[in-house]
Structures are given as C-alpha cells and as structure tokens.
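Take a look at the structure below.
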Amino acid sequence: MKNIQKIIIIGLIAIHIHPGYSSGFGKCPNYPSMPKFNVTKFLGKWLEVERSFYLPEIATGCASMTFENSTARLDEGKPQLELAIKTINLWTGAPSVSLGNAILEHDRSSIMNVQLQSRLPAAISRLLPGSGKYQVLYTDYDNFAILWSCSNFGIAFTDQIWLLGREKDYTLEIRTKIYDALRQLGLDSDRLIVSKNKDCPNTL
C-alpha cells in the first residue's frame with residue numbers, strides 16, 4: 001500500500017512539472033493574511049490579467065471572478081462570500097459560469113476556502129478544479145490583486161498565481177508595483193503568462 005501511495009504522489013508531482021508551476025519538496029510556503037484586509041473594498045468584479053500555468057484554464061479565456069457579500073455565516077461565525085467564475089471556451093466560444101462560496105477565516109482575513117457548487121458529494125467536490133484554499137497576498141482594491149493558491153502532495157507542493165485587475169490590463173506603473181511585490185514575496189514573475197482576454201463579450 002505504501003508503494004502505491006508513493007507512485008500516486010510521484011504521478012501527481014509529474015503532472016505539475018511545468019515551467020509555469022512552482023514546485024518544491026516540503027510544505028507550501030506560509031504567507032500571513034494581508035494586514036488590515038478590507039473584504040468590502042475587495043468585493044466586485046475582477047478580471048484575470050496574468051496567471052501562471054494552470055491546466056484547467058488551458059482552453060479558456062476572458063476569465064473573471066465576481067465576489068459578492070452574503071448574509072450567510074457558518075456555525076463558526078466565519079463570513080461567507082458568493083463567488084461567480086466566468087470564462088469562454090476558446091475552441092467553441094461557449095460561455096461557462098461556475099458558482100460557489102468563498103469562506104473567509106475571519107472578518108479581516110485575506111485567506112479563503114473556495115467550494116464550487118456541484119452535484120457530487122462534498123468530499124469529492126472539494127477536490128474539483130477551482131475549489132480549495134486561496135489567498136489574496138496583496139491588493140490595492142482599485143487596480144490589482146495578487147491571488148495565490150498552493151497544494152501539498154505529501155512530500156512536495158505546487159502553487160499557482162493569478163494577477164487580477166478591475167480592467168483588462170495594467171498601466172506600466174501598476175505592473176511594476178505588482179512585480180516588485182512578487183519579488184518581495186519570493187514569487188517568480190517569469191512564470192506568468194498574459195491571459196487571453198481580448199475581444200471578450202460585454203455580456204460575460
């Protein structure tokens with residue numbers, strides 16, 4: 001059984017070995033929540049401007065994420081946001097909308113657990129692409145947000161980066177500020193690719 005588990009872990013790591021992924025042995029880096037994170041100012045629509053390689057998005061474009069406030073709270077009192085992720089299939093042109101919830105660790109936390117709606121059992125739906133733990137590492141609320149996610153695979157980890165904006169692109173000044181922040185966080189901006197967000201329908 002242990003040998004089988006090792007084979008599975010090695011297989012998962014092999015799948016994630018791509019220039020856009022950051023992988024390493026050990027556990028995911030531990031970034032603290034963004035100080036004085038203001039979830040109210042963060043709400044609204046964010047467009048994907050750049051990202052690291054992410055297999056589920058290989059055939060999609062015009063990606064956006066919209067966070068809306070929710071009056072619902074879990075038994076533990078954790079705040080819950082409503083989330084809508086919209087994309088366009090680049091091969092067929094068909095739009096796609098995924099709905100779910102983002103549960104913050106507390107009112108001032110930039111760390112959230114996302115679970116997308118699914119007809120599958122909760123234990124399985126938590127493993128679907130898009131679900132998992134996400135963290136807003138840094139944002140100015142008006143122009144950009146650095147969204148980060150990391151997964152542990154037993155003896156190793158792999159992470160992804162999304163650069164979000166209120167518009168489809170950044171000014172040179174804003175992009176320089178973002179890349180400086182990535183450098184301070186120890187994240188390599190060379191991993192990023194420009195998202196496919198040209199000629200997107202206004203209705204999306």
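The values are calculated or read from the model by the stated rules, or taken from the named source; none is laboratory data. From a predicted model like this one, the values you see are computed outputs, not experimental measurements. Cβ sites come from the backbone with ideal geometry, for glycine too, and all protein chains shown count toward neighbours. These area figures cover heavy atoms from the full protein model, side chains too; ligands, DNA and RNA do not enter into them. Shrake-Rupley method; radii C 1.70, N 1.55, O 1.52, S 1.80 Å.
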Subset of segment 163-179 [assigned to a helix (DSSP H, G or I) and surrounded by 11 or more Cβ atoms within 10 Å (Cβ to Cβ)]: I174, R175, T176, K177, I178, Y179
Matching residues, segment 102-127, being modelled with pLDDT of 90 or more and open to solvent by less than 50 Å² (accessible area, probe 1.4 Å): A102, I103, L104, S109, S110, I111, M112, V114
Checking A156 against (1) farther than 21 Å from L83 by Cβ; (2) modelled with pLDDT of 95 or more, the condition it does not meet: (2)
Matching residues, segment 43-64, being of a type outside the set (V, I, T), open to solvent by less than 30 Å² (accessible area, probe 1.4 Å), under 12 Å from L147 (Cα atoms) and not in a loop (DSSP other than H, G, I, E, B): W46, E48, E50, R51
